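A.B. asks: Got a structure for you, questions after.
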Amino acid sequence: MPPHRALSSYDVLFTIFEHLEGSEQGWYDYDPSTGDSNDWRARQLGAECRCALARCARVCRAFFYPAVAILWRNVDDLSPIFDLLRTTSWSSKESHARTSATEIPRLAYLSEQAARVLQYAWRVRAVHGPRTLATRSRDTDYDLPAWVRGAQLFRQLRHLRWVQHGAQSTELVQVIPPSLRSLHIVFKTSSGSWSEWTVQRSPSPEELSIRELVRQVAIKAPRLRYLRVTTSGVAKEAWFAALGDFRGLDAFDVLEPIYGEVTTLPLIRPLASLRHLRHLKMRLPQGDMPCVAADAFASLRSLTLDAMFAPLGAIPAFLATISSPQVESVSLLNCECGTVSVHEKLRAMAAIVRSKFSPALREFVLSLRGIGPVHAHPQPLLTTLAPLLEMHDLRDVRISVLQEVAVVAASEHDLQKMSEAWPKASRLHLSCYPSLTCPPLVDLVGAARQCSGLSELILPGIAVTASDMDDILAMRNAQTHGLRSLSLSDAGWHSRIPDPGRLARCLDKIFPAVDWRCPRLASDSWNETIQELVQLRIARLQNGESGC
């Protein structure tokens, strides 16, 4: 039986195969420098789609060209292109030594194989980076033939993740086209040359090379909107102070989990001058904030600061430099503070968040670690952060106090206060240790009533009494809630759960849509509660009830 005419149409097949292409957002989801499990799953999904495209290309000639056109849009790295360039037989290279790459397809002497290689290069839109950050083989050569211009060779390239092996390598500058929108540079080396030069000379050859690299990238990619730098501890953040040259930069990310010296202080002034910068992630430096203009960070919308090596008082000082009235998200991570003055500093930080960002702020994240002597009588957390309770438009609030030293503690009715203060919340996290008392079970009913859109909830623990369970089980026509995730940060060890079976029935009645998962190392009572909840949900689904 002859195939349908549609299967011989390039445009029809191309449109069909485009559904196997991942979204452009997928380039940001995967990051080999962190190895996050979510990123790995995103990468695996993309790999499966690419395998499907490769199989389609092997079906027949009609399938080959549209499938390959899409397959070459997303690659792990550019080495396949350079390998093809080196092995391709070109017709009379000498005769077109000065020919522009845009003229090559029109030349009669260009071989069919050469034309195909150039077409592959023109189709590349995103380079996702290698699956591992192992040092590249010495045999890999990224040098272009003298008559091929890299900027025109990858003329549709929009997203590039590049592993920079050595500060003085100029390969990146050769391949960057004007079309580039997003760039992630990962510095990697297996030798000790970086630290050698850094120790012996100042400024080192590495520093001078990286500063020049940044300037060249700004010239080569005038439309760059997203820039991320992973120094891997072999380069210093201060070497990227030429950020002011990226006048159209929308997002800058130099945040990474390293324990080296924080040298971001020289970046603050050039970053503050960028008129279009909306998203910023960086490690907060020590020392006094530099003087900036009154309209600094005028367009900022999201801010993530890692304050592990900065005093808590540096956070309000940095926030005070922001003039943007559109900040929607503030994340303050790994804040370290002495136990003696923590309450005053936390309140000052919360006060400036309220005064500067209250109209637009929707997301607030705070993780706190105490240092110093154990505080005998830590104050309740929400009492310390009282100014935040006046920001009633918050949708996402995540507060975590790590367990090294008790600096602040949860109190009995924190959940009630949170649900009353933030009725529009879709996510509430309160992970706090030690807890003076855990939220009572009845407050979960109140939270369900107050926050109808809540989908994710983490509590420090739960306090269950027989009377509370009796009241919930006796309720008729109880309003169910669409909560999808509920967990206890103490895994049940400090919670009071006298009857896991009855607690399971109460939770299943209030939150029938939760996807219950038992955490590792959970207490016996909480583990038994989760197991009973799973059985109740299975029974409900077998009876044809959705639960919500």
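The values are calculated or read from the model by the stated rules, or taken from the named source; none is laboratory data. The model shown is predicted, which means the values in this text are computed figures rather than measured ones. Glycine also receives a Cβ, built like all others from the backbone with ideal geometry; neighbour counts cover every protein chain displayed. The area values use the complete protein model at the heavy-atom level, side chains included, leaving out ligands, DNA and RNA. Shrake-Rupley method; radii C 1.70, N 1.55, O 1.52, S 1.80 Å.
A.B. asks: Restricting region 110-162 to residues that are at pLDDT 65 or above, in contact with a Leu (Cβ under 6 Å, 6 or more places away or on another chain) and not in a loop (DSSP other than H, G, I, E, B), which is farthest from Leu71 (Cα to Cα)?
C.D. replies: In this case the residue turns out to be Trp162.
A.B. asks: When the residues of region 444-454 are narrowed to those that are open to solvent by less than 50 Å² (accessible area, probe 1.4 Å) and in contact with a helix residue (DSSP H, G or I) (Cβ under 8 Å, 6 or more places away or on another chain), which ends up nearest to Arg398 (Cα to Cα)? Full working, then the answer.
C.D. replies: Just the residues of region 444-454 that are open to solvent by less than 50 Å² (accessible area, probe 1.4 Å), to begin with: 444-448, 451, 453-454.
When the remaining residues are screened for being in contact with a helix residue (DSSP H, G or I) (Cβ under 8 Å, 6 or more places away or on another chain), the result is 444-448, 451, 454.
Numbers: Leu444: 17, Val445: 20, Gly446: 19, Ala447: 16, Ala448: 18, Cys451: 15, Leu454: 13 Å.
Among them, the one singled out is Leu454.
A.B. asks: Continuing with this model, one more query. When you look at Leu312, is it under 25 Å from Arg158 (Cβ atoms), among the aliphatic types (A, V, I, L, M) and either buried (at least 20 other Cβ atoms within 10 Å of the Cβ) or in contact with a strand residue (DSSP E or B) (Cβ under 9 Å, 6 or more places away or on another chain) (or both), yes or no?
C.D. replies: no
A.B. asks: OK, next. Name the residue, out of Leu430, Leu389, Leu441, Leu457, that is more than 29 Å from the chain's Cα centre (by Cα), open to solvent by less than 50 Å² (accessible area, probe 1.4 Å) and modelled with pLDDT of 80 or more.
C.D. replies: Leu441
A.B. asks: Inside region 244-280, can you point out the residues that are more than 23 Å from Pro222 (Cα to Cα) and aliphatic (A, V, I, L, M)?
C.D. replies: Leu255, Ile258, Val262, Leu265 - these are the residues of region 244-280 that are more than 23 Å from Pro222 (Cα to Cα) and aliphatic (A, V, I, L, M).
A.B. asks: Now, a different point. Considering only residues of region 196-238 that are open to solvent by 70 Å² or more (accessible area, probe 1.4 Å) and polar (S, T, N, Q), which is modelled with the lowest pLDDT?
C.D. replies: Gln200
A.B. asks: Just name the residue that is surrounded by the most Cβ atoms within 10 Å (Cβ to Cβ) out of those in region 498-548 that are modelled with pLDDT of 95 or more and among the β-branched types (Val, Ile, Thr).
C.D. replies: Only one residue fits best here, namely Thr529.
A.B. asks: Can you name the residue in region 462-512 that is of a type in the set (S, T, N, Q) and in contact (Cβ under 8 Å) with a residue 40 or more places away in the chain and, of all such residues, is nearest to Ser400 (Cα to Cα)?
C.D. replies: That would be Ser489.
A.B. asks: Can you find, within region 350-366, the residue that is nearest to Leu381 (Cα to Cα) among those that are open to solvent by 50 Å² or more (accessible area, probe 1.4 Å) and touching a helix residue (DSSP H, G or I) at 6+ places or on another chain (Cβ under 9 Å)?
C.D. replies: Going through the qualifying residues, I end up with Arg354.
A.B. asks: Got a number for residues in region 231-256 being assigned to a helix (DSSP H, G or I) and in contact (Cβ under 8 Å) with a residue 40 or more places away in the chain? First the steps, then the outcome.
C.D. replies: From region 231-256, those assigned to a helix (DSSP H, G or I) are 237-245; that's our starting set.
Still in the list and also in contact (Cβ under 8 Å) with a residue 40 or more places away in the chain: 237.
Qualifying residue count, region 231-256: 1.
A.B. asks: Hey, another quick one. Name, by its number, the condition in (1) at negative phi; (2) out of contact with any Phe, Trp or Tyr (no Cβ under 6 Å at 6 or more places or on another chain) that does not hold for Phe297.
C.D. replies: (1)
A.B. asks: Would you say Arg347 is surrounded by fewer than 18 Cβ atoms within 10 Å (Cβ to Cβ), touching a helix residue (DSSP H, G or I) at 6+ places or on another chain (Cβ under 7 Å) and at pLDDT 95 or above?
C.D. replies: no
A.B. asks: Go over the candidates Ala314, Ala307 one by one and state the one that is of a type outside the set (D, E, K, R) and out of contact with any Cys (no Cβ under 9 Å at 6 or more places or on another chain).
C.D. replies: Unique residue meeting the criteria: Ala314.
A.B. asks: Taking the stated definitions as given, is Glu336 among the charged types (D, E, K, R), farther than 14 Å from Leu368 by Cβ, at pLDDT below 95 and open to solvent by 20 Å² or more (accessible area, probe 1.4 Å)?
C.D. replies: no
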